[in-house]
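See below for the structure under consideration.
The values are calculated or read from the model by the stated rules, or taken from the named source; none is laboratory data. A quick note: this is a predicted structure, and the numbers were derived from the prediction, not measured. Every residue, glycine as well, gets a Cβ built from its backbone with ideal geometry; the counts of neighbours run over all protein chains shown. The accessibility values were calculated without ligands, DNA or RNA, using every heavy atom of the protein model including side chains. Shrake-Rupley method; radii C 1.70, N 1.55, O 1.52, S 1.80 Å.
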Amino acid sequence: MSKNIAVLMTDMFEDSEFTSPKEALESEGHSLTVIEKEKGKTIQGKQKEADVTVDASIDDVKPSDFDALLVPGGFSPDMLRADDRFVSFAKYFMDEDKPVFAVCHGPQLLITAKALEGRDATGFASIQTDMEYAKANVYDQEVVVCNNLVTSRTPDDLPAFNRESLKQLQ
């Protein structure tokens, strides 16, 4: 059954951490909605390999309208976590045990949402200490699945990340 997946990202997202999961999810019939501050705006990846048009403004969507959440890495999660609207949106999925897929720096949004305590997770090396301070059980492995949460470290981990994300949607 097709699922509707919210994607929280802004400029400077890690290109492949959006394009690879997008391709994997859409190939299984799922739909993605890119959410940022401004609908219709074009955002650009950090590597300048992906330009993405924003589907919806954070002000025009409710997390309850979605089945899962994807948070690509890069600098995007750090920028988004300064805005309480994005933090609250992400926290909803963790509180409701809906699937959350966060790769590389993606868990930064979950750190700010105070949603990692007691969870097994991973992330990019530079945020693993922050994740420990947020009371997550941090592992340095390609993919970590903890209930509804799927996390990975880098673009190299995307095959495992995509595989485990798809399993969450079955």
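Summed over the residues of region 25-65 and divided among them, the accessible surface reaches 58 Å² per residue at a probe radius of 1.4 Å.
The helix-only estimate of mean residue ellipticity at 222 nm for the chain, built from DSSP H runs of length n ≥ 4 each weighted as -39500 (n - 2.57), is -8500 deg cm²/dmol after division by the residue total.
Per-residue Karplus couplings for region 61-71, computed as 6.51 cos²θ - 1.76 cosθ + 1.60 with θ equal to phi - 60°, are listed in order as 10, 10, x, 5, 7, 10, 8, 7, 10, 10, 10 Hz, Gly and Pro entered as x. Pairs exceeding 24 Å between alpha-carbon atoms, taken from Lys22/Lys62; Lys98/Lys135; Lys3/Lys91; Lys62/Lys114; Lys62/Lys135: Lys62/Lys135. With all protein chains kept in place, the per residue accessible area of region 101-170 amounts to 44 square angstrom at a probe of 1.4 angstrom.
Placing dummy labels 7 Å off each Cα toward the beta-carbon, the span from Thr129 to Thr33 is 3.9 nm.
Using Cα pairs closer than 8 Å and at least 6 residues apart in sequence, work out the relative contact order for the chain, in percent. About 20 percent, as a whole number. Between Asn147 and Met1, the contour length at 0.36 nm per residue exceeds the Cα-Cα span by 50.6 nm.
Once backbone amide H atoms are built at 1.01 Å from N, Thr154 has Cys104 as its partners under 5 Å, excluding neighbours fewer than 5 places away on the same chain. In terms of the mean number of neighbouring beta-carbon atoms within 10 Å, the peptides 143-150, 102-109, 41-48 order highest first as 102-109, 143-150, 41-48.
The shape of region 4-168 comes out rounded: with a ≥ b ≥ c from the C-alpha gyration tensor, a/c is under 1.5.
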